[in-house]
Amino acid sequence: MSPLPRKQPYAMRHLPLSSLLLVLACGGALHAEDVVTPPPQPTTETPPPVVPPIVPPTADGRFILEFRGARLGQVLDYLSQQAGFVIANPVELPAPLTLVAKQPVTAQEAVDALNGVLMSQGFAVIVRQKNLHVVPLPTARQHDLPVMIGTDPAKIPDTDTLVTQVMPVQFALVKDLAENLQPLLNPAAATLSANESSNVLILTDTQAHVRRIAAIIQAIDRSISGDQAVKVFQLAHADATKVAQIITSLYGQQAGQRGGNQQGQQFG
């Protein structure tokens, strides 16, 4: 027995053919509008790193630097080829490097420039003879750094080379200086200690920062010393010991009078 035909709803059975076609067309149009095609996503391609060609250095050993978006290993390989450095412990950084010098630079200038870039990423360059090391910045001060002596900022190079500077102080107390200078240091890279027995400060930091600290120490030391001067007087007839006692007693009386006047002004 053949199946009975499916009954259409009453409304559909009584619609004329033209109206039925119009309803079906509108339904198809609405269904097509419901499907939204996503816009095409722009493709972002990372530009390839720019590495300078290997050109022999000049007669005085200078060479150019032109790295844009390069890996640290590429920079170290280039320095090894151009300056003869032995890369002792190559590492790779998550961020690319940009290091550009259109004018030829020396090997030391190239290392200083690289050191300045690496310090912003928490690393430092240490060179011992021809061995070049890249180490984490917090542990760099524990390596065999160059030791310099002096507090004259004019004689300290303005570079990013890590050094240990021994700075003798004449008048100021190194214990007080160390406490005052600590907030000015980068705790991740610098250390400052005071040797009170010899009145010496020992600072490990870049030479640029050492130069700045030395200028501050020099200014404080000079302000404490004042305009003190040493003069030698030749005595023709008087006894030098007796004259010294008289001068000392006179200056002592004047100092006592000034102290008493100051106290009277303060408490009177």
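Some observations on this one:
- Scanning residues 5 or more positions from Glu66 or on other chains, those with amide H under 5 Å from its amide H are Ala101, with H placed 1.01 Å from N in the peptide plane.
- Computed over region 104-219, the Cα gyration tensor eigenvalues convert (square root of 5λ each) into semi-axes of 26, 15, 12 Å, ordered from largest to smallest.
- Computing FRET efficiency as 1/(1 + (r/R0)^6) for Ile247 and Glu196, where r is the C-beta to C-beta distance and R0 is 22 Å, gives about 0.10.
- Multiplying the residue separation of Ala101 and Ile149 by 0.36 nm and subtracting their alpha-carbon distance yields 14.1 nm.
- Under 26 Å of direct C-alpha separation, and excluding same-chain neighbours fewer than eight residues apart, Lys175 reaches these lysines: Lys155.
- With the highest mean first, a sort of the peptides 205-218, 174-187, 68-81 on other beta-carbon atoms found within 10 angstrom per residue produces 205-218, 68-81, 174-187.
- Per-residue HN-Hα couplings for region 75-85 [Karplus 6.51, -1.76, 1.60; θ = phi - 60°; Hz; x = Gly/Pro]: 5, 5, 4, 5, 5, 5, 6, 7, 10, x, 6
- When the residues Val147, Val134, Val166 are ordered by accessible surface, computed with a 1.4 Å probe over the protein chains alone, the sequence from largest down reads Val147, Val166, Val134.
- Phi-based couplings in Hz for region 96-110 (Karplus 6.51, -1.76, 1.60; Gly and Pro marked x): x, 10, 10, 9, 10, 9, 5, 8, x, 10, 7, 4, 5, 5, 5
- Whole-percent carbon and sulfur share, accessible surface of region 123-251, 1.4 Å: 55
- Under conditions of 20 °C and 1.002 mPa s, region 173-253 yields 133 µm² s⁻¹ as its translational diffusion coefficient, taking Rh as the Kirkwood radius over Cα pairs in the Stokes-Einstein equation.
- Longest to shortest principal axis, alpha-carbon extents of region 101-148, angstrom: 34, 24, 20
The values are calculated or read from the model by the stated rules, or taken from the named source; none is laboratory data. These numbers were taken from a predicted model, which means no experiment stands behind them. All Cβ positions, even for glycine, are placed from backbone atoms using ideal geometry, and neighbour counts span all protein chains on display. Surface accessibility is based on the protein's heavy atoms, side chains included, excluding ligands, DNA and RNA. Shrake-Rupley method; radii C 1.70, N 1.55, O 1.52, S 1.80 Å.
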